[in-house]
Structure formats: structure tokens, C-alpha cells
1. Each residue of the range B:55-61 in order: what ³J(HN,Hα) in whole Hz does its phi give by Karplus 6.51 cos²θ - 1.76 cosθ + 1.60, θ = phi - 60°, with x for Gly and Pro?
2. Search the structure for amide H atoms under 5 Å from the amide H of A:ARG104, placed 1.01 Å from N in the peptide plane, and list their residues when 5 or more places away or on another chain.
3. Looking only at other chains, what is the average number of their beta-carbon atoms within 10 angstrom of each beta-carbon in B:86-98?
4. Just to check I understand the Karplus step: with θ = phi - 60° and J = 6.51 cos²θ - 1.76 cosθ + 1.60, what whole-Hz values come out for the range B:100-112, glycine and proline as x?
5. Per residue Cα convex hull volume for the range A:20-98, in cubic angstrom?
6. Taking a probe of 1.4 Å, how large is the accessible area per residue of chain B, in Å²?
7. Quantify how much of the Cα-Cα distance distribution of the protein assembly as shown extends past 34 Å, in percent.
8. Taking all protein chains as present, what is the carbon and sulfur share of the accessible area of the protein assembly as shown, in % to the nearest whole number, probe 1.4 Å?
Amino acid sequence: GEDVEQSLFLSVREGDSSVINCTYTDSSSTYLYWYKQEPGAGLQLLTYIFSNMDMKQDQRLTVLLNKKDKHLSLRIADTQTGDSAIYFCAEMGSGGSYIPTFGRGTSLIVHP
Amino acid sequence: KAGVTQTPRYLIKTRGQQVTLSCSPISGHRSVSWYQQTPGQGLQFLFEYFSETQRNKGNFPGRFSGRQFSNSRSEMNVSTLELGDSALYLCASSLGANQPQHFGDGTRLSIL
């Protein structure tokens, strides 16, 4: 089956940039998503990118997509303690699916 | 616009009991999916409903079931509860094919 891989942990200092990486195997992926989960809450959709795009910027968030290498990244500029959370990468295949494939999540820890 | 609403937020049950969880999707969303989230297994897909029909099913035993009503609200039921069923159960709704899923805050189920 299709697979989405993420590193489990990332620790950064407040004010620095964070880069969370994700790789996927489905070459027919059409949409790729980033979700954020804070303690005790569900997954919040942060941003998403279409597979025909290379980059998308939304305020402090920058998504980069390398379709050739099947690599997706989320950059958070000026990381704040409130950004501490688990970040999930997800991809949607091309078959008109409603069910994305999720990674295991990257736990971002922001320390002062 | 109201988000996805899940009730109850917390439940405590004992082994052998059964439980019903409820999910109200975002207005206009006809696809409702259920996920189980545990620290060990991550986010696992249970099933997806669209127009009162189960269209996709994950790899869970028959003790896990669900249904969707004509107003798109959905319920999931777990019978003969086991200790391993302790988890956060998340519901997500989406507008259509290849559209992002929007999650509720989940129901935290604890089995004693």
C-alpha cells in the first residue's frame, strides 16, 4: 500500500525556522496536506498544495514539493512556543479518493 | 460556519460493554470518516460513509461498526470493549473527492 514517512521529533529554539519533512510513495498523489494537532485536540488543517505546484506560502508557513523525489516539507518561520504540536503530512491519490494516507506525525518542540 | 462536532468528549467504560460515539459534520459535507488514534499505532482509518453508505473500510474487527443518517450525521459503535480499544476516536468530514478532511476534537475513550 501507499506510505507516508516523517521523522518523529524536531526540536528548535524560539525564533528560529522549523522545517518538517515528509516523503511519500504514491506517484499519483494529487493533493498533499499538512495538519497540526495540539494536545487534547483533533487535527487542524494548516495548508495544502496541489501536485502541479512547487511551492505555496501562507504567512509564516511555506510548503515545498519535490514531486520527482516525492518529498514534501513544511517550513515555519519565526517559530513560537505556540507552534509546539504534532504535525501530520497526508497525501491523496488520484483515484477520486476521499481518504488520505497520513504519516505518523512529527512532534515539534519549541524551547525558549 | 460550525466545525465538526463530536460527542461526548470523554467516555469511561469497562471491558465487555459497548459504546456509541456521535459525529456531526460541517454543514454540506456528505463524506464522514472515522479514525482511531493511539500512541503506538498512530492514526488508523476505521471507515468512511457517504450518503448513508459505507464506501471504505479499514482493517478493524467487526466489533467496530458505524452508520450515517440522512442529515450526514454519523455514529460509530464498538461492542464488547477491550482494553486495547482505549484511544482517541476522531471524526472527519469533507466536501468531495480530493477535498481536505476537517476533523473534530475527538472522543477520548478509556476502558477500565
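The values are calculated or read from the model by the stated rules, or taken from the named source; none is laboratory data. Quick caveat, the model's predicted, so the values are computed rather than measured. FYI the Cβ positions are ideal-geometry reconstructions off the backbone, even for glycines, and counts take in every protein chain you see. Calculation scope for accessible area: heavy atoms of the full protein, side chains included, ligands and nucleic acids excluded. Shrake-Rupley method; radii C 1.70, N 1.55, O 1.52, S 1.80 Å.
1. Listing the rounded values in order: 9, 9, 9, x, 9, 10, x Hz.
2. A:GLN6
3. On the way: counts 0, 0, 4, 0, 4, 1, 7, 1, 4, 1, 2, 6, 11.
Across B:86-98, the average partner-chain Cβ count within 10 Å equals 3.
4. Rounded to whole hertz, the list is x, 8, 10, 9, x, 7, x, 10, 8, 9, 10, 10, 9.
5. Details: hull volume 7.2 nm³, N = 79.
About 91 Å³ per residue, rounded to a whole number.
6. Working: 5230 Å² over 112 residues.
That works out to 47 Å² for each residue.
7. Values: 3548 of 24976 pairs.
Taking all Cα-Cα pairs of the protein assembly as shown, the fraction more than 34 Å apart is 14 percent.
8. Details: 5070 of 10650 Å².
C and S atoms contribute 48 percent here.
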